[in-house]
Amino acid sequence: MRRDGQPAAGAAKNLTLAAADIERIYRIERVRLVAGLARHVGDLTLAEDLAQEALISALATWPRTGTPPNPGGWLMTTAKRRAVDLWRRRRMMARHEATLMHDIETAHVDGFEAVEATLDDAIGDERLSLIFTACHPFLSRDQRTALTLKVIAGLTTVEIARAFLTQETTVAQRIVRAKKVLREGDVAFEVPIGSERDARLASVLEVIYLIFNEGYAASRGEDLMRPQLCDEAMRLGRILVGLAPEEPEAHGLLALMELQASRFKARIGSDGSAQTLETQNRRLWDRLLIQRGLEGLVTVTRLGGEDGIYALQAALAAVHARASRFEDTDWALSAALYDRLLERVPSPVVALNRAVAHAMAFGPETGLALLAEIEAEPQLAGYAALYAAKGDFLMRLGRMSEARVEFERAAELSGNETERSFLMGRVRCCAEAQD
């Protein structure tokens, strides 16, 4: 402390670091915190508000007292106390107040064990309960996915809009409406059982895969990947396989994620640059994840689910996993699998990936012809991958000036710094080839 009463520069820095640490802890605990609160208060918006207030309280308290032994329990108890205060002022929900006060009063001061004990449901995961709730039939498909990506994955509306290939304002409206429907429908925040659970399973699988995709190819920021999202998606996928062991698509999704995740260490070079399948050091691929993914595909076959949408994508990932070198890739098989997948999922993005596989199997001219069929699709107008693919086909044909234009367009549209840097590298390669 300085003589004028102001904190010394070092002290201010320590407080800043403490705040950053607190926010990091909060990000780790956020989903479980919101899910646990939502179960008790029955309102997702209120649960998110209470979680934020617990964070504010932690930011004010922990720099003075230190991080508690159980940060998640501290945040949960603080948020529940705030909920009780709100309900007292509103003179309502007396039965909820009694339940929460019992949780607080019976919790151990040093570890909050009693509060923590209330967080796990019959299958041992609050977050999965929240996903099943967000995938309630009351909600439209788009509402379900947008809400879960926002609450579970913590994605911004910009990131979700990229996943949907739609407008940010549209996503924001879907989330607001979804929360309202759940609140007005008095929906229970729990994993359903029997046929009701099975009816929601497809939506849950879709959401988990979208979470994985955002982690695998981050739409915003400096990092190419957000591994923590991929890890969370795979963890949830493993829980689902245990929950529905005879569901081939659950096994297909898990196999797909494990095969994709096996490349993590090779996707970024030592200089921080993005590495394509062609340039990746395959010795860095995780052989255990590849083995698990391939075993998952065997299970899918045993269950008769080879034509499932996740099973087909897993089979596509397996084509690369089985190739020890890029030159060994069976592109003809990849093209055939994409043909089957497009029949199941007639989307512009699948059609784009199919064009890439056909270009590698049968030549870039074939790829350009397939792109010509879909490049007018409104959903692809601002999609960087479309222009990157077109640039790659043109580059392979030696049409460098045209390729340069496409790579520049892709770089302009990309919201990821690492991806943008890679694309600008392609621009420079085209320019150098012209000189």
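Computed from the coordinates by the stated procedures, all read-outs in this text should not be read as laboratory data. Note that this is a predicted model, so its numbers are computed, not measured. When we count neighbours, we look across all protein chains shown, and the Cβ atoms used for this are built from the backbone with ideal geometry, even at glycine.
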Please give the Cα centre distance for segment 135-183 versus segment 325-343, rounded to the nearest Å.
33
With a point put 7 Å past each Cα toward its Cβ, work out how far Leu333 is from Gln228 in nm, to one decimal.
3.7
Run the paramagnetic zone check for Leu397: 7 angstrom along Cα to Cβ, then residues of segment 406-435 with backbone nitrogen under 17 Å.
406-408, 430
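Assuming R0 = 51 Å, what is the FRET efficiency of Ala431 and Asp186, from their Cβ-Cβ distance, to the nearest 0.05?
0.25
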Which residue, chosen from Gly305, Trp74, Val350, occupies the Cα position most advanced towards the positive end of the dipole of the chain, where the dipole is computed from +1 (Lys, Arg) and -1 (Asp, Glu) charges on Cβ about the Cα centre?
Trp74
Excluding residues fewer than 8 positions from Lys80 in its own chain, the lysines with Cα under 21 Å of it are Lys179
Farthest toward positive dipole pole in segment 382-435 [+1 Lys/Arg, -1 Asp/Glu at C-beta], among Leu413, Ala431, Ser401
Ser401
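Counting only helical runs of four or more DSSP H residues, what would the 222 nm mean residue ellipticity of the chain come to if each run contributes -39,500 (n - 2.57) and the total is spread over all its residues? Please report the intermediate quantities before stating the final value.
Details: 20 runs with 306 residues, N = 435.
Rounded to the nearest 500, it is -23000 deg cm²/dmol.
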